[in-house]
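Working notes, structure below.
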Amino acid sequence: MPSSKTTEPVPERPWHFNLVLDAPLTPQQSDLLDGLDRFHEGGIGLAERPGYSRFMCVIRAETLTAAIADALDRFDDLPGVVVRSVELNAIALDENGMATAAVVPVPPLADVC
């Protein structure tokens, strides 16, 4: 029996999360980052303190997974930078309308290379 309902596209919305790096940016990586347009088109900003670097992200997408993928794609042009984790703090959970943190599994290393 055919369905009379049509599938509506999911509207994009802002998703809030942090990308935590495995190490602080080196001076060379910081210099390179300054010249990368993909990091200056909005939605992602660097936050640093001694021994720690992360990117605070507010990315528009249909899903949280799509937003994370968009942000991670920007690191293709920033060699040697490894994102250690994707984190949703209490503020991000509230902004995303989520009760608990979603778990996004790390892809196998073969898929990353």
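The values are calculated or read from the model by the stated rules, or taken from the named source; none is laboratory data. Because the structure is a prediction, the values reported are computed rather than measured. Here the Cβ is made from the backbone with ideal geometry for all residues, glycine too, and neighbour counts use every protein chain on show. Side chains are part of the model used for accessible areas, which takes the heavy atoms of the whole protein and leaves out ligands, DNA and RNA. Shrake-Rupley method; radii C 1.70, N 1.55, O 1.52, S 1.80 Å.
Averaging the sequence gap over all C-alpha pairs within less than 8 Å and six or more residues apart, then dividing by the number of residues, gives region 13-96 a relative contact order of 49 percent. The residues of region 13-96 expose, per residue, 55 Å² of accessible area to a 1.4 Å probe. Taking amide H atoms as placed 1.01 Å from N in the peptide plane, the amide H of residue 89 lies under 5 Å from those of 18, each 5 or more residues away in sequence or on another chain.
To the nearest 20 debye, what charge dipole does region 13-96 have about its Cα centre, counting +1 at the Cβ of each Lys and Arg and -1 at the Cβ of each Asp and Glu? Please report the intermediate quantities before stating the final value.
Numbers: 7 positive and 14 negative charges, 42 e Å.
Here the size comes out at about 200 debye.
Residues whose amide H lies under 5 Å from that of residue 13, counting only those 5 or more places away or on a different chain, are 61, 62; hydrogens are built 1.01 Å from N in the peptide plane. Residues 20, 10, 81, 86, sorted by accessible area with the largest first, give 10, 86, 81, 20 [1.4 Å probe; ligands and nucleic acids excluded].
In angstrom, the C-alpha Rg and Dmax of region 13-96 are 12.4, 36.
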